[in-house]
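These notes are about the structure you will find just below.
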Amino acid sequence: MSDEQTSNRTDVDKALLGHATYRSLGEQRLTPAEERFEKARRTTGLWLAPLVTVVFLALPLDLPGDQQTLAGVLLGVIVLWITEAVPIPIGGLIGTAVVVVLNVAPVDDVLGPFGSSTIFTFIGAFILAQAMLKHGLARRFAFRILALPRVGSSTTGVIVAFGVITCLLSAFVSNTATVAMLLPTAIGILSVIAKLLQERGIVAENFDPLRLRVGAAIMLMLAYGASVGGLLTPVGSPPNLIGRAQIEEATGERISFAQWVGAALPICLFMFVVLAVVLLLLNRPEIRRIDGVADYVASEREAMGPLSRAEKNTLVAFGITVALWITPGIVALIAGNDSATYIMISERLDEGIVAVLGASLLFLLPTDWAQREYTLRWRDAAQIDWGTIVLFGTGIIFGSLLRSTGLAETLGTSASEALGLSTGVTITIFAVVLAVIVSETTSNTASASVVVPIVISVAAGAGVDPIVPALAATFAASFGFMLPVSTPQNAVVYGSGAVSITNMIRSGISFDVLGSVLILLALPVMVAVVGIGG
């Protein structure tokens, strides 16, 4: 290989470690057709976003002023997010500034939600991920998964196996924590596959590993798989606890842990199959068979040798963090999630605080005590993807404003009245559609908090048992797969740089539709089978 070819050869590890939430056209390797499309898309957003906002604000709608203003600004922000006319985190900050300037709410009320525990979960988890990537621990995990029997021989096997692991973990660990802890492994797997593609000449020497379809499939499986697995138990995701508590309060019917799992298990199984099919069809891997990967994996694992001191320290910090993350779930299994013990432990072992504590250990565990060198330097931590943190923070802000201004409730009740909902089937359809739409622009926790009470009220007004519609809304609140701000896990994988916004929208809307249909068909049957409310 000539020196010129060597200089043009992509350094896969460097490319994946230096990922970013947003990359300008000059930072990407695009074909002429792709570059024309990207230029047109981003230019369109510059004029379409303000136009949509101004036109909406000028409409003679029967809405309170703050609600109409918020809706107009949010529509403009969504246009900026979709078109990437400006860096996506900046689009959210522009919207945040505009709602304050237009007096939707006082500045302290608007910016207050940015201090959410989820933000600190991101910060701590990203620092842990940085250490795992820097010191090669993520690569070890990736090779361990690829070494599993009948897994590493095909990209499909790798993606499905990784999805199964994600689903099982997220049933007991929060979706955000699951994705945060598995992200480095996902990047490690992508790195291995990218190098195989490079060595076999399937991609160009100077290819962009962040634009591989197999990378998008792995990352989206991580995010969406966590959402699917999170539905399996009441403690798998915050919307589950919120929805269940509101249903029990409204109906007086208790939904036990076993009843929840019994109803959710078949739905989650079918949903996972649908997810795998959708992702593999829309993000068809560049290579299907990874022949010879077993020998390659074995040689690479041997070459890595024993764990270094930095790897051991990272593993200690990571292990302590994961142990503290799963402790509330274990306590819930033993004592019940309405017990005083569970409430006390879950409040004190908040996932954001646990993530920050775990990350702090990386600056306390030494690799060279004589030189006072620790597992990470601050320079390493400063390189985490702050754009994703800003992006999701603005998403939390808009979710809070949707609730505080009453816009979410106005939209729900207006739609209910306009559609004349009067039967259990129509109310359940309305519940699912509303929950998915709301969760696209706010966190799934905010979606459940807003939509479930609306659905219960609509069902009560129509004289319909609210259990099925409210449970459907609770499940659908964990959807919202189209945008990075829809769920924390979407934001995390988008921050990897391996999933474009257009790819997330295309894959997300497909799974939104198919998953919603599955909920509508299967949930009423499973509620009857397990005897919830019966």
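Quick notes on this structure:
- Applying the condition of being open to solvent by less than 10 Å² (accessible area, probe 1.4 Å) and aromatic (F, W, Y) to the range 381-410 and asking which residue is farthest from the chain's Cα centre (by Cα) yields F398.
- Residue within the range 286-293 that is assigned to a helix (DSSP H, G or I) and either among the polar types (S, T, N, Q) or without any contact (Cβ under 8 Å) to a residue 40 or more places away in the chain (or both) present: no
- Residue check for F114: assigned to a helix (DSSP H, G or I), modelled with pLDDT of 85 or more, of a type outside the set (A, V, I, L, M) and farther than 29 Å from S191 by Cβ: no
- Candidates G163, G188, filtered to the one that is at pLDDT 80 or above, part of a helix (DSSP H, G or I) and of a type in the set (G, A, S): G163
- Matching entry among R150, R200, R213, R144 (being within 21 Å of the chain's Cα centre (by Cα) and surrounded by fewer than 19 Cβ atoms within 10 Å (Cβ to Cβ)): R213
- Whichever residue in the range 488-505 is outside any helix (DSSP H, G or I) and open to solvent by less than 40 Å² (accessible area, probe 1.4 Å) and, among such residues, is nearest to V273 (Cα to Cα): V499
- Of everything listed in (1) farther than 18 Å from L391 by Cβ; (2) at pLDDT below 90, the single unmet condition for L46 is (2).
- Test for V529: is it on the phi < 0 side of the Ramachandran plot, open to solvent by 20 Å² or more (accessible area, probe 1.4 Å), out of contact with any Asp or Glu (no Cβ under 8 Å at 6 or more places or on another chain) and in a helix (DSSP H, G or I): yes
- Screening the range 412-461 for residues that are of a type in the set (S, T, Y) and open to solvent by 50 Å² or more (accessible area, probe 1.4 Å) and picking the one that is modelled with the highest pLDDT gives T426.
- Only listed residue being part of a helix (DSSP H, G or I), open to solvent by less than 20 Å² (accessible area, probe 1.4 Å) and of a type in the set (G, A, S), chosen from G480, G508: G508
- When residues of the range 235-256 are limited to those that are open to solvent by 30 Å² or more (accessible area, probe 1.4 Å) and touching a Gly at 6+ places or on another chain (Cβ under 7 Å), the one farthest from V451 (Cα to Cα): E253
The values are calculated or read from the model by the stated rules, or taken from the named source; none is laboratory data. Note that the structure is predicted; figures quoted are calculated from it, not measured. Here Cβ is always computed from backbone atoms with ideal geometry, including for glycine, and neighbour counts include all displayed protein chains. Side chains are part of the model used for accessible areas, which takes the heavy atoms of the whole protein and leaves out ligands, DNA and RNA. Shrake-Rupley method; radii C 1.70, N 1.55, O 1.52, S 1.80 Å.
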